[in-house]
Amino acid sequence: MRLLKVDTLEEARNKLLKAVAGKDPGTENVGFAESLGRIVAEDIEAVENVPGFTKSTVDGYAVKAANTQGVSESVPVFLDVVDEIRMGEAPEKTIRDGQTSYVPTGGMLPEGADAVVMIEHTEKFDEKSIAVYDAVSDGRNVIREGEDIGRGSVFIKRGTRVRPQEVGVMASAGVSHVKVFRPWRISVISTGDELIGVNEELAAGKTRDINTHSLSASAAKYGFEVIGTSVLKDDRGLIKEAIKEAMAVSDVVLVSGGSSQGEKDYTADIMDELSDAGVFTHGIAIKPGKPTILAYDGASGTVLAGLPGHPAAAVMIFELLIGWLYRQLTDQREPRAITARVTENVAAAGGKATCLLLELRLGSDGTYEAEPILGKSGLMTTLTRADGYAVIDTNSEGLKQGETVSVVLF
């Protein structure tokens, strides 16, 4: 257990996915208006057409399009007005050749009509007829029944993160409740004799605890529920008891610090003892983040992750492993990535993949440029400057100025 036998990032991910194969993310039903930010757990199928009737998109006159062919400002057609349709009411009369009905925006089209002429392109001729000065085609200024969503069609897919627009479309389709994935419960433990709180007086040799807060915020970004945080001294008994208690109530237990090979690095041994399958990854060939530990306890259904003590490295490993795993189990799309040109040469890490933080800007030619943010993994400000990151492959010699990379956006 003391020897770091590193996996590649892909190997670590595959091992993690295989280990949690029996883990059910869990689901719950919530009101559609409360589903904002949640992940949809099953395809949502329309039980009705949206819209439920053919409607006008303008204030105007419902017509048979064929009756307006050849019409212009100098050569109008005269149509008899047979009805004035009110909002929220069904038309009473059918449109026949030579006839029209007034219809407001959003109003229901009468039978026989297939287009609407905007009121601006009409003129009252007498009390019972109008002159039409615009030739319209079939379907002009009209939304047909079911054109937005057809009955029986899937209009929101499993794995979709609900945004305001999804809330709106559920309302339009009469979906009052939606099945969503239950947010994972996360416990965050930071270890280190040197750690003090935000409000404590800073003394020589001490450093403020960052990881408890940054990892909790990372978890919250995914919609996870942070159910416990603690900052512990490098005491084996304390750390073991804290992990054991957290496993009883958590889907994921994060432990930052104590994951490398120092004299007081207990995390791997403790996780090996507490998980029924033991530690399966102790070290990943990636920079930053090499001293990463992964284990899974099937009895409690808990993912155990030992993260580097360096704050930026801990946040990036959380993104690359825990965030990635949740997306896999809930069928989410991967984060958006854009292509950009690197502004300077970047050396590879030598036998390790490199997670390169990048700041984006728009170049003079309208394409994106990516400026590497070079800094040590202990510096949090490198993350605050970054718009995204790129992973340089293990076998790569690095990046050359002007070379294009895929930047995963934060």
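Report, by residue number, each residue of segment 184-218 that is among the β-branched types (V, I, T) and out of contact with any Pro (no Cβ under 7 Å at 6 or more places or on another chain).
Matches in segment 184-218: I186, V188, I189, T191, I196, V198, T207, T212.
Does segment 174-186 contain any residue that is more than 30 Å from T330 (Cβ to Cβ), of a type in the set (V, I, T) and modelled with pLDDT of 95 or more?
No, segment 174-186 contains no residue that is more than 30 Å from T330 (Cβ to Cβ), of a type in the set (V, I, T) and modelled with pLDDT of 95 or more.
If you go through segment 181-196, how many residues are among the hydrophobic types (A, V, I, L, M, F, W, C) and surrounded by fewer than 19 Cβ atoms within 10 Å (Cβ to Cβ)?
The number of residues fulfilling the criteria is 1.
Any residue at all in segment 256-277 that's buried (at least 24 other Cβ atoms within 10 Å of the Cβ), part of a strand (DSSP E or B) and at pLDDT 90 or above?
yes
Taking the residues in segment 1-48 that are closer than 20 Å to S250 by Cα and among the acidic types (D, E) as candidates, determine which candidate is surrounded by the fewest Cβ atoms within 10 Å (Cβ to Cβ).
Restricting to residues being closer than 20 Å to S250 by Cα and among the acidic types (D, E), the top hit is D24.
Within segment 330-337, does at least one residue satisfy the condition of being surrounded by 16 or more Cβ atoms within 10 Å (Cβ to Cβ), outside any loop (DSSP other than H, G, I, E, B) and touching a strand residue (DSSP E or B) at 6+ places or on another chain (Cβ under 8 Å)?
Taking every residue of segment 330-337 in turn, none turns out to be surrounded by 16 or more Cβ atoms within 10 Å (Cβ to Cβ), outside any loop (DSSP other than H, G, I, E, B) and touching a strand residue (DSSP E or B) at 6+ places or on another chain (Cβ under 8 Å).
For segment 227-243: of the residues being closer than 17 Å to I196 by Cα and aliphatic (A, V, I, L, M), which is least open to solvent (accessible area, probe 1.4 Å)?
By that ranking, first place goes to I239.
For A204, indicate whether it is outside any strand (DSSP E or B), open to solvent by less than 80 Å² (accessible area, probe 1.4 Å) and hydrophobic (A, V, I, L, M, F, W, C).
Criteria not met by A204.
Checking the condition free of Cβ contacts under 8 Å to residues at least 40 places away in the same chain and out of contact with any His (no Cβ under 6 Å at 6 or more places or on another chain), which residue from K244, K290 passes?
Of K244, K290, the one residue that is free of Cβ contacts under 8 Å to residues at least 40 places away in the same chain and out of contact with any His (no Cβ under 6 Å at 6 or more places or on another chain) is K244.
Any residue that is of a type in the set (S, T, Y) and either open to solvent by less than 30 Å² (accessible area, probe 1.4 Å) or under 25 Å from G223 (Cβ atoms) (or both) - is there at least one of those in segment 355-376?
The answer is no, given that none of the residues of segment 355-376 is of a type in the set (S, T, Y) and either open to solvent by less than 30 Å² (accessible area, probe 1.4 Å) or under 25 Å from G223 (Cβ atoms) (or both).
Filter segment 119-142 for residues that are open to solvent by 60 Å² or more (accessible area, probe 1.4 Å) and either in a strand (DSSP E or B) or within 12 Å of K64 (Cβ to Cβ) (or both) and give the result.
Once the filter is applied, which keeps residues that are open to solvent by 60 Å² or more (accessible area, probe 1.4 Å) and either in a strand (DSSP E or B) or within 12 Å of K64 (Cβ to Cβ) (or both), segment 119-142 yields E123, K124, F125, D126, S137, D138, R140.
Only one of (1) surrounded by fewer than 15 Cβ atoms within 10 Å (Cβ to Cβ); (2) in a helix (DSSP H, G or I) is not met by N199, so which one is it?
For N199, the failing item is (2).
Here is a list of conditions, (1) among the charged types (D, E, K, R); (2) assigned to a strand (DSSP E or B); (3) under 30 Å from Y266 (Cβ atoms), and K179 meets all of them except one; can you say which number that is?
All conditions pass for K179, except number (3).
Let me spell it out: the conditions are (1) in contact with a helix residue (DSSP H, G or I) (Cβ under 6 Å, 6 or more places away or on another chain); (2) of a type in the set (G, A, S); (3) at positive phi; (4) open to solvent by 30 Å² or more (accessible area, probe 1.4 Å), and G350 meets all of them except one. Which number is the exception?
G350 satisfies every listed condition except (1).
When the residues of segment 80-118 are narrowed to those that are in contact with a helix residue (DSSP H, G or I) (Cβ under 9 Å, 6 or more places away or on another chain) and among the hydroxyl-bearing types (S, T, Y), which ends up surrounded by the fewest Cβ atoms within 10 Å (Cβ to Cβ)?
Selected residue: Y102.
So G152 ticks every box in (1) touching a strand residue (DSSP E or B) at 6+ places or on another chain (Cβ under 7 Å); (2) in a loop (DSSP other than H, G, I, E, B); (3) closer than 30 Å to V303 by Cβ but one. Which box is left unticked?
Of everything listed in (1) touching a strand residue (DSSP E or B) at 6+ places or on another chain (Cβ under 7 Å); (2) in a loop (DSSP other than H, G, I, E, B); (3) closer than 30 Å to V303 by Cβ, G152 misses just condition (3).
Quick check on this structure: which one of V407, V391 is on the phi < 0 side of the Ramachandran plot, modelled with pLDDT of 85 or more, open to solvent by less than 60 Å² (accessible area, probe 1.4 Å) and assigned to a strand (DSSP E or B)?
Being on the phi < 0 side of the Ramachandran plot, modelled with pLDDT of 85 or more, open to solvent by less than 60 Å² (accessible area, probe 1.4 Å) and assigned to a strand (DSSP E or B) holds for just one of V407, V391, which is V407.
The values are calculated or read from the model by the stated rules, or taken from the named source; none is laboratory data. On a predicted model such as this, the values are computed, not experimentally measured, just so you know. We place every Cβ from the backbone using ideal geometry, glycine too, and count neighbours over all the protein chains shown. In case anyone asks, the SASA skips ligands and DNA or RNA and just uses the protein heavy atoms, side chains included. Shrake-Rupley method; radii C 1.70, N 1.55, O 1.52, S 1.80 Å.
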